[in-house]
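Engineer: Take a look at this one; I'll ask things after.
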Amino acid sequence: MTVPDMISQAAVAPAGAGGPVAAVVRRAVPSDVPRLVELENAVFSSDRLSRRSLRTLIARPSASVLVAESASRIVGALVILYRRPTRFARLYSLSVDPALRGAGLGGRLLAAAEDDARRHGAGAMRLEVRSDNAGAIALYRRHGYRHIGNRESYYADGGDALRFAKTLPGS
């Protein structure tokens, strides 16, 4: 199955801004890697995806790397992993430029991830999120994800993770 190059377009309004920002969600390409590395460094303090990992994931048929682009700049990204024969997709990473948090980009990326997962035949999405990341936890809950467990010392810095899952409607 192939994922369309342009997955969706939406207008999102950044927190405190006067108007909407046009954003396109599309499949990542190798030339996006330098900006994806910048985004990883701006968003995550540990457990970052390396340049090499991002290149590999972009090329891997069992993964999808999607980006949100506004004014020709990548402002958000996500990675989804697929494993056969399971019907679960794993949202491995979701990041939004800190300057645009609260603009709705996280929700747009999450919706695009769910659409991509359905196209790959997944019936549900699972993910882990840092237990101290209140913004991300609220995002997942708003979008119908339910808490299914915990993972102690899951992250490299010893941080705990909460596990969430969602059955994908229409799958």
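The values are calculated or read from the model by the stated rules, or taken from the named source; none is laboratory data. Note that the coordinates shown come from a computational prediction; the quantities given were computed from them, not determined experimentally. Reconstructed Cβ throughout: ideal geometry from the backbone, glycine too, with neighbour counts over all protein chains shown. For accessibility, only protein heavy atoms count, side chains too; no ligands or nucleic acids. Shrake-Rupley method; radii C 1.70, N 1.55, O 1.52, S 1.80 Å.
Engineer: Out of segment 57-70, which residues are without any contact (Cβ under 8 Å) to a residue 40 or more places away in the chain, aliphatic (A, V, I, L, M) and either surrounded by 23 or more Cβ atoms within 10 Å (Cβ to Cβ) or outside any helix (DSSP H, G or I) (or both)?
Structural biologist: Hits for segment 57-70 are 63, 65.
Engineer: Quick check: is even one residue across segment 119-130 under 17 Å from the mean Cα position of the chain (by Cα) and farther than 29 Å from residue 73 by Cα?
Structural biologist: Yes.
Engineer: Between a first residue in segment 28-56 that is among the charged types (D, E, K, R) and a second residue that is open to solvent by 60 Å² or more (accessible area, probe 1.4 Å), which pairs have beta carbons less than 6 Å apart while being 6 or more apart in sequence or on different chains?
Structural biologist: 40/48; 47/156
Engineer: What do you reckon, is residue 138 surrounded by fewer than 14 Cβ atoms within 10 Å (Cβ to Cβ), under 16 Å from the mean Cα position of the chain (by Cα), modelled with pLDDT of 95 or more and under 20 Å from residue 111 (Cα atoms)?
Structural biologist: yes
Engineer: Out of 32, 47, report the one residue that is at pLDDT 95 or above and open to solvent by 10 Å² or more (accessible area, probe 1.4 Å). Give the steps one after another, and end with the answer.
Structural biologist: Values: 47 fails: at pLDDT 95 or above.
After ruling out the rest, the residue left standing is 32.
Engineer: Only one of 160, 115 is in contact (Cβ under 8 Å) with a residue 40 or more places away in the chain and either over 16 Å from the mean Cα position of the chain (by Cα) or closer than 22 Å to residue 27 by Cα (or both). Can you tell me which?
Structural biologist: On inspection, the qualifying residue turns out to be 115.
Engineer: Whether any residue in segment 71-81 is in a strand (DSSP E or B), small (Gly, Ala, Ser), modelled with pLDDT of 90 or more and within 13 Å of the chain's Cα centre (by Cα) is what I want to check.
Structural biologist: So far as segment 71-81 goes, yes, one or more of its residues are in a strand (DSSP E or B), small (Gly, Ala, Ser), modelled with pLDDT of 90 or more and within 13 Å of the chain's Cα centre (by Cα).
Engineer: Follow-up. Pull out all pairs, ordered by first then second residue, where Cβ-Cβ is under 6 Å, the residues are six or more apart or on different chains, the first lies in segment 72-90 and is more than 19 Å from residue 25 (Cα to Cα), and the second is polar (S, T, N, Q) and surrounded by fewer than 19 Cβ atoms within 10 Å (Cβ to Cβ).
Structural biologist: 82/62
Here is a yes/no grid of residues against (1) under 28 Å from residue 34 (Cα atoms); (2) in contact with a helix residue (DSSP H, G or I) (Cβ under 8 Å, 6 or more places away or on another chain); (3) surrounded by 15 or more Cβ atoms within 10 Å (Cβ to Cβ):
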{"residue": "84", "(1), (2), (3)": "no, no, no"}
{"residue": "94", "(1), (2), (3)": "yes, yes, yes"}
{"residue": "97", "(1), (2), (3)": "yes, yes, yes"}
{"residue": "100", "(1), (2), (3)": "yes, no, yes"}
{"residue": "111", "(1), (2), (3)": "yes, no, yes"}
{"residue": "114", "(1), (2), (3)": "yes, no, yes"}
{"residue": "128", "(1), (2), (3)": "yes, no, yes"}
{"residue": "146", "(1), (2), (3)": "no, no, no"}
